[in-house]
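The values are calculated or read from the model by the stated rules, or taken from the named source; none is laboratory data. Quick caveat, the model's predicted, so the values are computed rather than measured. Methodologically, a virtual Cβ is constructed for each residue, glycine included, from the backbone with ideal geometry; neighbour enumeration extends over all protein chains shown. These accessible areas exclude ligands, DNA and RNA; they are computed on the full protein's heavy atoms, side chains included. Shrake-Rupley method; radii C 1.70, N 1.55, O 1.52, S 1.80 Å.
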Amino acid sequence: MKAVEVTGLTVALDDGSVIVDDVSFGLESGQVMGLVGESGSGKSTVALALLGFAKAGANITGGKVVVGGVDLLALSPNELREARKKLIGFVPQDPATALNPALTIRAQLTEGMLGEKKENLPRIREVLETVGLPSDNAFLRRHPQELSGGQQQRVAIAMALGKKPELIVFDEPTTGLDVSTQARVLEMVAGLCADNGMASVFVSHDLAVVGTVGDLVTVMYAGQVLETGSREEVLLSAAHPYSIALLESVPSTRQRLPLVSIPGRAPAAGAKFDGCVFADRCAFVEDRCRDSAPPLVATSTGSSARCLRVEHVLQNQRCLVKEPLPRVESREEDSGSVLSVRNLNASYGRTQVLFDVSFNVAPGETLGVVGESGSGKTTMSRCLIGLHEDQSGIFEMDGKPLPPRLRDRSKEVKQQLQYVFQNPYGSLNPRETIANAVVVPLKHFYGERGKAARDKAKEALERVEIPWRLADRYPAELSGGQRQRVAIARALVCNPSLLICDEITSALDVSVQASVVELLRTLQNDGLSMIFITHNLAVVRSIGDRVIVLSQGRVVESGEVEAVLTAPQHPYTRGLLADTLEVDRSDAETSDLPG
Amino acid sequence: MATETMTEKALEAAPPPSRSRRAALAWPIARRALTGVVTLWCISVIVFVATQAMPGDVAHIILGPGASSEQVAQLNQNLGLDQPLLSQYLDWLGNVLTGNMGDSIVSGQPVSELLSERIFNSATLTVIAMVFIIPLSLVIGLLAAVFRDKLLDRAYLGTSLIVTATPDFVIGSLVIALFGTVVFKVLPPVSLIPPGDAPWEHPRQLVMPLAVMVLVGVTYLSRLVRVSFIDVLESEYVQLAIIKGLSMRRILFLHALPNALAPSIPAASIMAAYTIAGSVVIEYLFAYPGIGSALVDAVAGHDLPMVQAIIMLMAAAFFCFNQLADLLGTLNKSR
Ligand SMILES: Nc1ncnc2c1ncn2[C@@H]1O[C@H](COP(=O)(O)OP(=O)(O)OP(=O)(O)O)[C@@H](O)[C@H]1O
Ligand code: SF4
Ligand SMILES: [Mg+2]
């Protein structure tokens, strides 16, 4: 008997729209299944439904979830409560909000356990040590807000492990962690499940993460399972067009590959389909795909896929294999620089966060700035923009001195130096149409208005592939990727000589990230200089010419992207690179991943 | 994400909580004390000017219509009313600051003596009212949140909206009509407490004013409690507690209550401030001998020192509770 057997699980909203449609899978004890999909595909809903739980507004309308021989969905409320207590552990998406701020760690760790208080405490100490946390009384007396993000995450994991459940469900437990903590947590999860013989379901939007921990991988889209199989089957020889497309859009730290985005956007919650849910975005679509919903069928690679043409796809997908992009020629040094920064120091009050940061950006060059959260990346971009008061350093733009404060900068300089932020909501006014958002800087910098301005705005929006018919919409009506494009268009109409992009893809799904990165690549080919700030080494690999690595406010390494990411010199860069997970690819050299 | 971890790092770098919290507390308290002094000073100016501008000449009123103009001038001189306004104000302020509130014009007794019993009576009424309001609001707010959008919750919301929209005066009159006079006549319609007696020696007199205060207070406060409970019940940590298979009792009282309570405490403090302001109407309506009714009498009798003293007192009390609410709120957030 399998440890976990899910059949026909279906979840619908109160209005009847289905958000999880007929999900089935089975797990042996000790096995980890990675559940991957883009935002809104229904991963968290499945994760919660495995505990017989649905959020307010949603209901489990059908199916079976059998854990340890018990069908959870057939139990009375009281029995279900007991079963949750005994059989299943859950690790939430965001421990910062999921741990109770009013209770001590100790209370929250022991309360779900079955046995006597006296036996539980030693058990808890043992588990805390397993997850690499202190287990003394002083630690147990702390409240969640007195722990760091990584510690909170471990406490949440310890909480689920403490009762030795049959099944552990992890809902994106590493999203908020930096790469090195993530690598450690993942290694721990894989080890714990294997050692204790627990089955586990590991939800993530990150293919590399799922590929690292999962023995099995299930790909979800629009509430349906599109492909499921072993890790090798799904990641190395993907059969479903969506799995293939998803893999194509993931950047790699090893090669400068073009990224292929998926056309169109993911369907809204509860959208109705007669045929294949992926038909509108699929490169292999035929008329019959839209007629009837494809069943999940076994493929020749061993996985199961929900696609009518899966064998055809498998034979023809080779044409999609990408050639690495040509190496970027190093640009001439003596052609001057668009921006040069010397000895930039910045602090918040008494704590200094940037120490003697210096770099140049040559014309047409893209400078990648990488570092973990807290390394000072955002402070640096704020300094460049002139928003940070507490700074000292020498800036030069096109050879002319650049005042450090925004208010001292001339209009012309402001127009030349444009920026795009991580969260486009911050820079786009929610009560202003996107056409307006693009027209405003035109008015400000060039005094253009009326028809001429609208024509220019149209041109800029088309350059970022936003069709003009969307021009009268408001930011809230656009997807995250579209909003980022509008923010880029708004910077572009100013005709800047340097564009600063601060983490502009980190809130986006991989397929959307791919489209934004490819958009930036076209701008790069047009000769725009950019500073691209990110924590994601793979994105830098796919777009950067040169890179500087920031650690604790200092530049620890800088150079050509090729050189730095192929043969990093500084231990920090090496560690960062080693901890960055990669999706194994059939065309990439053998990997050295843990797990 | 980036900013989140940045603040996290900043927190880690911060000095141990006990010391920093004490230091963090000192400044808000000092700042509040300072604004308190400035605010009260502004109020003193307003009160002084406003009472001077009250219609009618004090001396005339005291001496009656038959007084000669010499008598009036004499009295004005005795009372210091012939001085320029500014020096009158400075005199008065100086006296107030040294604890001398002046003498009542009507009875000639020191204001502080006249008011001490009234203050005691009002405080008693307010404290007893709060003793009922806080636990009742908690229970009712909790029940409404648990049965959110069910019939019980809707009925409660409807009633409380009606009560809040009705002026205290109208509610009070209805209560008097219902229980004090026309319909049932089970309780005394006025709450006269003989001078020298403590209010609780006359429990029957207290029932109706208390009932009105509690009704108004509970409908207001319990709605706030309901909202904060709903927030908490929808939080991720309550969801996680359900998923862990904990009992409903444990979830409600251990996981939800402390977190829902925190935002309700400043609300309760604001509630106390409003109860002080609202007491004027209620005390007057029930003829309860507190400072609220004393104010009404003093205004009617043109007793300027009394009016000034009472308004300053009420303003100070109102201000204190408001600031307390604010302080509790910030404390809460910094936690
Ligand atoms: N209680 C609810 N009421 C209304 N809509 C809901 C509810 N729960 C989920 N949905 C919708 O169902 C879809 C699936 O949501 P779910 O949270 O499972 O996605 P997810 O894959 O976990 O996404 P993410 O990666 O962003 O966490 C979404 O479109 C969401 O808006
Ligand atoms: S069924 Fe058709 S549309 Fe759907 S994934 Fe397969 S080929 Fe594409
Ligand atoms: Mg989710």
Query raised in the report: Restricting attention to the range A:218-237, which residues are in contact with a strand residue (DSSP E or B) (Cβ under 7 Å, 6 or more places away or on another chain), aliphatic (A, V, I, L, M) and more than 15 Å from ligand 1 (Cβ to nearest atom)?
Result: A:VAL234, A:LEU235
**Report entry** Among the candidates B:ARG154, B:ARG118, residue that is among the basic types (Lys, Arg) and within 17 Å of B:SER191 (Cα to Cα)
**Finding:** B:ARG118
Report task. Within the range B:223-231, identify whether any single residue is under 22 Å from B:LEU324 (Cβ atoms) and within 14 Å of chain A (Cβ to nearest Cβ), and answer yes or no. Result -> yes
**Report entry** Which listed residue, of A:LEU80, A:LEU87, A:LEU121, A:LEU72, is without any contact (Cβ under 8 Å) to a residue 24 or more places away in the chain, open to solvent by less than 50 Å² (accessible area, probe 1.4 Å) and touching a Gly at 6+ places or on another chain (Cβ under 6 Å)
**Finding:** A:LEU72
Query raised in the report: Restricting attention to the range A:273-295, and to residues there that are within 26 Å of the chain's Cα centre (by Cα) and within 16 Å of ligand 1 (Cβ to nearest atom), which single residue is farthest from A:ASN316 (Cα to Cα)?
Result: A:VAL277
Query raised in the report: Which of the following residues is within 24 Å of the chain's Cα centre (by Cα), part of a loop (DSSP other than H, G, I, E, B) and touching a residue at least 40 places away in the same chain (Cβ under 8 Å): B:MET130, B:MET101?
Result: B:MET101
Requested in this report: Could you list, in sequence order, all residues of the range A:54-69 that are in contact with a helix residue (DSSP H, G or I) (Cβ under 9 Å, 6 or more places away or on another chain) and touching a residue at least 24 places away in the same chain (Cβ under 8 Å)?
Outcome: A:ALA54, A:ALA58, A:ILE60, A:GLY62, A:GLY63, A:LYS64, A:VAL65, A:VAL66, A:VAL67, A:GLY68
Report summary line: Of (1) out of contact with any Gly (no Cβ under 7 Å at 6 or more places or on another chain); (2) in a loop (DSSP other than H, G, I, E, B); (3) of a type outside the set (Gly, Ala, Ser); (4) under 30 Å from A:GLY26 (Cα atoms), A:ASN100 fails just (4)
Report summary line: Here the qualifying pairs (Cβ atoms under 9 Å; residues six or more apart or on different chains; first in the range A:288-299 and part of a helix (DSSP H, G or I); second within 16 Å of ligand 1 (Cβ to nearest atom) and among the aromatic types (Phe, Trp, Tyr)) come out as A:CYS289/A:PHE278; A:ARG290/A:PHE273
Requested in this report: For the range A:47-73, enumerate the residues that are assigned to a strand (DSSP E or B) and either within 11 Å of ligand 1 (Cβ to nearest atom) or β-branched (Val, Ile, Thr) (or both).
Outcome: A:ALA58, A:ASN59, A:ILE60, A:THR61, A:VAL65, A:VAL66, A:VAL67, A:VAL70
Query raised in the report: Looking at the range A:345-459, what strands (runs of 3 or more DSSP E) fall wholly within it and have at least 2 residues that are surrounded by fewer than 19 Cβ atoms within 10 Å (Cβ to Cβ)?
Result: A:351-361, A:391-397
Requested in this report: Test each condition in (1) open to solvent by 10 Å² or more (accessible area, probe 1.4 Å); (2) within 14 Å of chain B (Cβ to nearest Cβ) for A:PRO144 and report the one that comes out false.
Outcome: (1)
Requested in this report: Collect the residues in the range A:147-185 that are hydrophobic (A, V, I, L, M, F, W, C), within 16 Å of ligand 3 (Cβ to nearest atom) and open to solvent by less than 20 Å² (accessible area, probe 1.4 Å), keeping them in residue-number order.
Outcome: A:ALA156, A:VAL169, A:PHE170
Query raised in the report: Out of (1) away from ligand 1 (no atom under 15 Å from the Cβ); (2) part of a helix (DSSP H, G or I), the odd one out for A:SER44 is which?
Result: (1)
Report summary line: Of the residues in the range A:206-244 that are away from ligand 2 (no atom under 13 Å from the Cβ) and among the hydroxyl-bearing types (Ser, Thr, Tyr), the one that is farthest from the other protein chains (Cβ to nearest Cβ) is A:SER237
Query raised in the report: Restricting attention to the range A:186-195, does a residue exist that is touching a Lys or Arg at 6+ places or on another chain (Cβ under 9 Å), surrounded by 20 or more Cβ atoms within 10 Å (Cβ to Cβ) and away from chain B (no Cβ under 14 Å)?
Result: no
